[in-house]
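The values are calculated or read from the model by the stated rules, or taken from the named source; none is laboratory data. Quantities reported herein were computed from a predicted structural model and do not represent experimental measurements. Because the Cβ atoms are built from the backbone with ideal geometry, glycine has one as well, and the counts that use them run over all protein chains shown. We work out accessible area using only protein heavy atoms, side chains counted, and drop any ligands, DNA or RNA first. Shrake-Rupley method; radii C 1.70, N 1.55, O 1.52, S 1.80 Å.
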Amino acid sequence: MLCDGRIVCGCADPLAKRVLGDAKTASIEHIWNGSTLNALRRDMNAAGSKFCGDCALKRPLEPGEVPVVQALDAGRHPSRMFIECTAACNISCYQACCALETGITRTRQAGMLDFELFRKVIDEVGPTLSRIDFFNYGEAFLHKRAVEMCEYIKSQFPHVYLYTSTNGLALSEEQARRLVHSGIDEVTFSIDGARAESYVQYRQRNKFDVATRNLRAMAAEKRDSGRDLPHINWRYILFKWNDSDEEMELARQLALEMGVDRLCWEITDHPEDAFSRRFLRGTPAVESIRVETWDDSNIGNAIPGATPRAQIEIECETSPDVWHPAEQLTTSAGESFVIRARVHNLSTRLFPADATYSRRFVRLGAQLADQSGALVNRDFSRAGLPHIVAPGGAAQFWVRLPSPPVPGRYTLKFDLVSEGIDWFERCGSPTTTVPLVVG
C-alpha cells in the first residue's frame, strides 16, 4: 500500500505505474479478488502479462521452460503486505530511483499515509497476514506516527511478523528506544560505511554519527531491558569507496562493540560508476564473504564468530546404558526409536533454547533422505535443546524419533535450525548423516 492508499504489486513499482486498486474507496478483499488482479493471475499462468510493463522482477522463460501455473483462488486477503508511510526521504542516495531529485514524491497523491486509513486496512487484513514490511520508498520514520503504527500492529495482531528498514536518521534516541518496546520483530539499519567520509558518498546529506547513535541506542535498550526483540541488523552495501579490508574490519568491530545482532554485506551492480569492483559476483572475493552477505542466508553474520556453527554427534544404545557413535541406525517400520545427541556450539553467540516470540530459538532437526541422499522430508523430526548452549559449550540430550512407515534404507541428516529463520547448513555449519535401516 502506497502512502496515498493505492495498492500496487510490490516494491518493484516505485513510480506507481501498475495500480491494482485504491484502499480509500475499496476493501483490500475487493482489490485482492478484483478484476485487475484476477486478469493478472490468468496472464501470469499463461507466461506473461502486459500489465507488468517494465517491472524489474520479470524473468523471461528459458527455451523450453513451462510457466508455473498457480491456483487462481488466492483467498480473501494476501498473507504479506508492504506499508509505505511516505515516499519522501530525508537524504538523497546517489543515483537511487527514490532520491528526491527523481520526482518520486510527485507520483503520490498524498505526502503521508493517513493514520485512520492505515488502521482501517490493518484491522481488515491483520487476522490473515503473516508478515508486514513496514517500509517501501522513502523513510518510514519521517511519518510522525510511524512508531505508533508499529505499536498498533503488534498490539492488535501480535502474530504478524513486523519488519522495517530505515536509514536511522529520522528517529530520535527516545523513539529508537520506544520502538524496541513496540513488539516489532526485526529492524534493519542501512549504513554503508564505517567512516563518515565514505558513508556520505552514497547516503548524501546524511549524518553518520546520528545513524550510528540511534543504532547504538536501540541495541542498548534491547540489552538493558532484557528483551529478545527486535532482531537488529546493520546492512552495509559495498561500493568501491567502502570495500577495503580495513574499513570492513572496522565495521565488524563497531557492530560487535555496539551489540547489534547481525552485520551483513550487500552486493550490488549499481550505480554503474560506484559499485564494488573488488566484490564482483562469481569471483573468489565474493566467495570469501559469501555467508556474510545479505542474500546468502538469513543467519550468516559478518560479526567475528557470530555466524552459527555447531558440531553434532549422534549416538545409539548398543546395550543397556551403553552408548556409542552411531554408524548405522536400525528400527522397524512404524515404531519410534531413541538416539543420544550432543551439540557443541562452535560460534561466539549462544544458542537459545526458547524465545518469547516463537522464532530464532534453536532446535535439532532430523531430515529424512533416501539411500542416495535425495531429500524425502526436510522436516522429518525436531527436538528442542534442553537449555541455552553458551559459546564453546555443549548440550547432551536424548531424542525419540519416528520411523518411516515404509521399510527400506534411508539416511538421516542432522542439522540445527534457527526456527522460522534458516538451517545452520545454509551458512556453512557441518551436518551429521547416519544411515537408517527400516525393517
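Of the residues making up the stretch 29-69, those that are open to solvent by less than 40 Å² (accessible area, probe 1.4 Å) and aliphatic (A, V, I, L, M) are Ile31, Leu37, Ala39, Leu40. Restricting the search to helices (runs of 4 or more DSSP H) fully inside the stretch 207-306 and requiring at least 2 residues that are in contact with a strand residue (DSSP E or B) (Cβ under 9 Å, 6 or more places away or on another chain) gives 208-224, 245-258.
When the stretch 370-388 is limited to residues that are part of a strand (DSSP E or B), hydrophobic (A, V, I, L, M, F, W, C) and within 26 Å of Ala353 (Cα to Cα), the one that is most open to solvent (accessible area, probe 1.4 Å) turns out to be Phe380. In the stretch 307-316 there is at least one residue matching the filter, namely being open to solvent by less than 40 Å² (accessible area, probe 1.4 Å) and within 14 Å of Trp265 (Cα to Cα).
Here Thr283 qualifies as modelled with pLDDT under 95, surrounded by fewer than 19 Cβ atoms within 10 Å (Cβ to Cβ), among the β-branched types (Val, Ile, Thr) and over 27 Å from Ser418 (Cβ atoms). Just checking, does the stretch 332-355 include any residue being within 30 Å of Ser130 (Cα to Cα), open to solvent by less than 50 Å² (accessible area, probe 1.4 Å) and part of a strand (DSSP E or B)? Looking for residues that are within 30 Å of Ser130 (Cα to Cα), open to solvent by less than 50 Å² (accessible area, probe 1.4 Å) and part of a strand (DSSP E or B), one finds at least one in the stretch 332-355, hence yes. Return the pairs, sorted by first residue and then second, in which the second residue is open to solvent by 20 Å² or more (accessible area, probe 1.4 Å) and not in a loop (DSSP other than H, G, I, E, B), the first residue lies in the stretch 267-282 and is over 10 Å from Ile237 (Cα atoms), the beta carbons are less than 8 Å apart, and the residues are 6+ apart or on different chains. Sorted first by the residue in the stretch 267-282, then by its partner, the pairs are Asp269/Phe275; Arg278/Ala285; Phe279/Ala285; Phe279/Val286; Leu280/Val286. Taking (1) open to solvent by 50 Å² or more (accessible area, probe 1.4 Å); (2) outside any helix (DSSP H, G or I); (3) modelled with pLDDT of 95 or more; (4) in contact with a strand residue (DSSP E or B) (Cβ under 8 Å, 6 or more places away or on another chain) in turn, Val406 satisfies each apart from (3). Of the residues making up the stretch 106-125, those that are polar (S, T, N, Q) and without any contact (Cβ under 8 Å) to a residue 24 or more places away in the chain number 0.
The residues of the stretch 43-70 that are closer than 30 Å to Thr164 by Cα and under 27 Å from the mean Cα position of the chain (by Cα), listed by number, are Met44, Cys52, Asp54, Cys55, Ala56, Leu57, Lys58, Arg59, Gln70.
The residue that is surrounded by the fewest Cβ atoms within 10 Å (Cβ to Cβ), counting only those in the stretch 13-25 that are among the aliphatic types (A, V, I, L, M) and over 23 Å from Ala71 (Cβ atoms), is Val19.
Of the helices (runs of 4 or more DSSP H) lying entirely inside the stretch 91-192, those containing at least 2 residues that are farther than 17 Å from Ala23 by Cβ are 146-156, 173-180.
Restricting the stretch 4-21 to residues that are modelled with pLDDT of 95 or more and of a type in the set (D, E, K, R), the residue that is nearest to Ala87 (Cα to Cα) is Asp4. Within the stretch 291-317, residues that are modelled with pLDDT of 95 or more and hydroxyl-bearing (Ser, Thr, Tyr) reach partners that are open to solvent by less than 20 Å² (accessible area, probe 1.4 Å) and assigned to a loop (DSSP other than H, G, I, E, B) with beta carbons closer than 6 Å, at six or more positions or on different chains, in the pairs Thr307/Gly300; Thr307/Asn301. Write out, first by first residue and then by second, each pair whose Cβ atoms fall under 9 Å of each other, whose residues are 6+ apart or on separate chains, and whose first residue, in the stretch 62-81, is touching a residue at least 12 places away in the same chain (Cβ under 8 Å) while the second is open to solvent by less than 70 Å² (accessible area, probe 1.4 Å) and basic (Lys, Arg). Taking only residues 6 or more apart or on different chains, the pairs are Gln70/Arg41; Leu72/Arg41; Ala74/Arg41; Ser79/Arg131; Arg80/Arg131; Met81/Arg131. In summary, Asp269 fulfils each of the numbered conditions (1) of a type in the set (D, E, K, R); (2) out of contact with any Cys (no Cβ under 8 Å at 6 or more places or on another chain); (3) closer than 30 Å to Val406 by Cα with the single exception of condition (3).
Only residues that are surrounded by fewer than 18 Cβ atoms within 10 Å (Cβ to Cβ), touching a Ser or Thr at 6+ places or on another chain (Cβ under 7 Å) and of a type outside the set (D, E, K, R) were counted across the stretch 204-240, and they come to 1.
Would you say Ala146 is open to solvent by less than 10 Å² (accessible area, probe 1.4 Å) and closer than 24 Å to Ile303 by Cα?
Answer is no for this residue.
Condition test on Val362, is it touching a Phe, Trp or Tyr at 6+ places or on another chain (Cβ under 7 Å), among the β-branched types (Val, Ile, Thr) and open to solvent by 20 Å² or more (accessible area, probe 1.4 Å)? Judged against the criteria, Val362 is not a match.
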